[in-house]
1. Report Rg (one decimal) and Dmax (nearest whole number) for the protein assembly as shown, counting Cα atoms only, units Å.
2. Taking the Cα centre of each part, how many Å lie between the stretch A:43-62 and the stretch B:1-71?
3. Share of the stretch A:1-72's accessible area from carbon and sulfur, percent, 1.4 Å?
4. Roll a 1.4 Å probe over the protein chains and send me the accessible area per residue for chain B in Å².
5. Under 5 Å between amide H atoms, partner at least 5 residues away or on a different chain: which partners does residue B:57 have, H built in plane at 1.01 Å?
6. Between the DSSP loop rule and a limit of at most 16 other Cβ atoms within 10 Å, which trypsin sites (Lys or Arg not before Pro) in the stretch A:15-54 are left?
7. So which GluC sites (Glu not before Pro) in chain B are both in a DSSP loop and have at most 16 other Cβ atoms within 10 Å of their Cβ?
8. Across 10 Å bins from the origin, how do the percents of Cα pairs in the stretch A:2-65 run, short distances first?
Protein chains: 2
Amino acid sequence: MFVVLVYDFAQKRVNKALKIARKYLHWVQNSVLEGEISDANYIKMKKELEMLMNPEEDSIILYTFRTKKYSKREELGLKKGGDENII
Amino acid sequence: MFVVLVYDFAQKRVNKALKIARKYLHWVQNSVLEGEISDANYIKMKKELEMLMNPEEDSIILYTFRTKKYSKREELGLKKGGDENII
């Protein structure tokens, strides 16, 4: 499946969160990663992030898509991420 | 259609960007908005944001979906946005 992950972590944990998420997904903007991921890795990634996060300070939203057939992606302005990964 | 908008603007323009995007979508996390939008409003919103943005400093990614049938949304940790809007 295809996943878009947006995170908002407190400064002291933000680098660790990005490091975990980058093991599974491609970084496309300061707080956004996306990519194809297996169900098993999706669960693994969530567990790692939940271990790190303080649920009273940090936030993650995950959008998952079974198919990309009905979706489109547009990028305006600066490309900030480290990897290219276009739907 | 359903839209997820993630933005990353320089500090001096970030409030204006959020103000524009909130006219059309619901704010769900520091730099993320989502919601149903017409094709006409989608174009209008993009134009307004492009007028404001400095393409060498600011960045927007827009994911649009014709249907939400094949998508899922999960939220971990703190709910930071102003509005509730679950897929």
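1. Calculated on Cα positions, Rg and Dmax stand at 15.1, 43 Å.
2. The stretch A:43-62 and the stretch B:1-71 have Cα centres spaced 24 Å from each other.
3. The nonpolar share, carbon plus sulfur, comes to 51 percent.
4. Counting only protein heavy atoms, the per-residue value for chain B is 51 Å².
5. A:78
6. Hits after loop and neighbour filter: A:23.
7. Sites meeting the loop and neighbour criteria: B:56, B:57, B:84.
8. Answer for the stretch A:2-65: a P(r) of 23, 62, 15, 0 percent.
The values are calculated or read from the model by the stated rules, or taken from the named source; none is laboratory data. Please read these numbers as outputs of a predicted model, since none were measured by experiment. Glycine also receives a Cβ, built like all others from the backbone with ideal geometry; neighbour counts cover every protein chain displayed. Only protein heavy atoms, including side chains, enter the accessible area calculation; ligands, DNA and RNA are left aside. Shrake-Rupley method; radii C 1.70, N 1.55, O 1.52, S 1.80 Å.
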